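The values are calculated or read from the model by the stated rules, or taken from the named source; none is laboratory data. For clarity, every value in this text was computed on a predicted model and none was experimentally measured. Cβ sites come from the backbone with ideal geometry, for glycine too, and all protein chains shown count toward neighbours. Remember, those area values only see protein heavy atoms, side chains included, never the ligands or the DNA or RNA. Shrake-Rupley method; radii C 1.70, N 1.55, O 1.52, S 1.80 Å.
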Amino acid sequence: MKAIVQDRYGPPSHLRLDDVEKPDLEEDRALVRVHAASVNAGDWRRVRGTPFIVRAAEGWRRPRYPLLGVDFAGVVESVGANFATVRVGDEVMGFRTGAFAEYVATRMSVPKPSNLSLAEAAAVPVAAGTALVALRDKGQLQPGQRVLVNGAGGGVGSFAVQIAAALGGEVTAVTRGAHVDLVRSLGAQRVIDYGRDDFTRRDERYDLIVDVGGTPRMGAQLRALAPDGVLVRVGAGKGLLGPLGGFAAASLRKRLVGQPVVSFIANLTPDHLLALKDLIEAGKVRPVIDRTYPLEQVPEAIAYLEREEAAGKVVITLA
């Protein structure tokens, strides 16, 4: 089968499209022919091998596993004897390392939302799942609470705005000027252009801040929290230490200041995908797709996402 292969760390241009072995079907997995995949921030970090924790997990000198990509949507071709979640012929979405390929063998798949195409469904799993964990599981957002999404124009942020509104939050979104109209259309009651206004210097206070953008610094964002508010920091963070720096800073702030600060990388399950499926089929959440690229242009797609200019998701199409 055709797949994108990474055999060293560096710029996306070193990735190549190559012939590799089709994955074996194990008893607890489904074999899916991939019709679409999508790019996440974790993909370009894996390609670059930065922050250093990436190499600790993936291999110090080169990736131990050469295939790349996580999100996918496609059609089930065969099912292992001990896997009953989906059936042959089902259109599914899910996540599995090696998704930039014609086939994946995975246990992490569920039927796709009936009102999405396969390309749209491929945009959902990691970004929307991360947003769901940040708001529902870590932030424990309740109806009527004031929630601010910082970094609302990207993949995770565009889903976070919609999920926050679906959970009954009063949503303020922070994004770049070019994305203001898009973010407002996703259900934010107020949108702040960070190029013109600093939300940490306003008088408003929020019950929950979900920080996808990474700036301003944590101390400044804490000033915008209500006394019992929670700051949830999403993803790998910035700097050499990546998420380790965020975890340490969050723990220190919680002890010294007493305000809950949560820093996490989502550990997603099929139950998260099923919850998202329900929200999407209810018309409360939809993926925003900025651009699509064919499989052979994955290097260009990753380079584009790395520039942090995308509005929503970048999708790879295979069929």
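Just the accessible area per residue of the stretch 49-198, please: how many Å² with a 1.4 Å probe?
Values: 5890 Å² over 150 residues.
Each residue of the stretch 49-198 exposes 39 Å² on average to a 1.4 Å probe.
Can you give me the long-range amide H partners of Ala173? Hydrogens built in the peptide plane at 1.01 Å from N, cutoff under 5 Å, separation of 5 or more residues or another chain.
Val149, Arg190, Val191, Ile192
Run the numbers for Asp18 and Asn115: contour at 0.36 nm per residue of separation, minus the present Cα-Cα distance, in nm. Don't skip to the answer; put the middle values down first.
On the way: separation 97, 0.36 × 97 = 34.92 nm, distance 3.33 nm.
Working it through step by step, the gained length comes to 31.6 nm.
Just need log10 I(q)/I(0) for the chain at q = 0.10, 0.12, 0.14 Å⁻¹, Debye formula, equal scatterers on the alpha-carbon atoms, no solvent, rounded to two decimals.
Values, matching the q order: -0.55, -0.79, -1.07.
Taking the alpha-carbon distance from Lys277 and a cut-off under 16 Å, which aspartates and glutamates remain once sequence neighbours fewer than 8 residues away in the same chain are dropped?
Asp71, Asp90, Glu91, Glu120
How charged is the neighbourhood of Leu31? Take every other residue with its Cβ under 15 Å from the Cβ of Leu31, and add Lys/Arg as +1 and Asp/Glu as -1.
-3
Quick one: 3J(HN,Hα) in Hz for the stretch 122-127, Karplus 6.51/-1.76/1.60 with θ = phi - 60°, rounded, Gly and Pro as x.
Using θ = phi - 60°, the values come out as 5, 7, 7, x, 6, 5 Hz.
Counting DSSP beta bridges with both partners in the stretch 54-179, what percentage is antiparallel, nearest 5?
Around 60 percent antiparallel, to the nearest 5.
Quickly rank 304-311, 27-34 as a protection proxy: mean count of other C-beta atoms within 10 Å, highest first.
On the way: 304-311: 17.1, 27-34: 20.8.
Averaged packing, sorted descending, gives the order 27-34, 304-311.
Applying the Karplus parametrisation 6.51 cos²θ - 1.76 cosθ + 1.60 with θ = phi - 60° to the phi angles of the stretch 141-148, what ³J(HN,Hα) value in whole Hz is obtained for each residue in order, glycine and proline being reported as x?
Listing the rounded values in order: 4, 10, x, x, 6, 8, 10, 10 Hz.
So for each of 56-68, 185-197 I average, over its residues, the number of other beta carbons within 10 Å; can you give me the resulting order with the highest mean first?
185-197, 56-68
Ignoring any ligand, DNA or RNA, what whole percent of the accessible area of the chain comes from carbon and sulfur when the probe is 1.4 angstrom?
Solvent-exposed carbon and sulfur of the chain make up 48 percent of the total.
Once you place label points 7 Å from the Cα toward the Cβ at Arg62 and Arg307, how far apart are they in nm?
Calculated label separation equals 3.0 nm.
Going down the table (Lys284/Lys313; Lys138/Lys284; Lys112/Lys138; Lys2/Lys138; Lys22/Lys112), which pairs top 27 Å between alpha carbons?
Violating the 27 Å Cα-Cα cut-off are Lys2/Lys138.
Taking the Cα centre of the chain as origin, work out the dipole magnitude from +1 charges on Lys and Arg Cβ and -1 charges on Asp and Glu Cβ, in debye rounded to 20.
Roughly 1100 debye, rounded to the nearest 20.
Which value in nm describes the separation of the simple spin-label points at Glu281 and Arg190, placed 7 Å from the Cα toward the beta carbon?
In this crude spin-label approximation the distance works out to 3.7 nm.
What dipole magnitude, in Debye to the nearest 20, does the stretch 24-159 give about its Cα centre under +1 on Lys/Arg Cβ and -1 on Asp/Glu Cβ?
Computed about the Cα centre, the dipole is about 680 debye.
Normalising by the residue count of the chain, find the relative contact order in percent from Cα pairs under 8 Å and 6+ residues apart.
20
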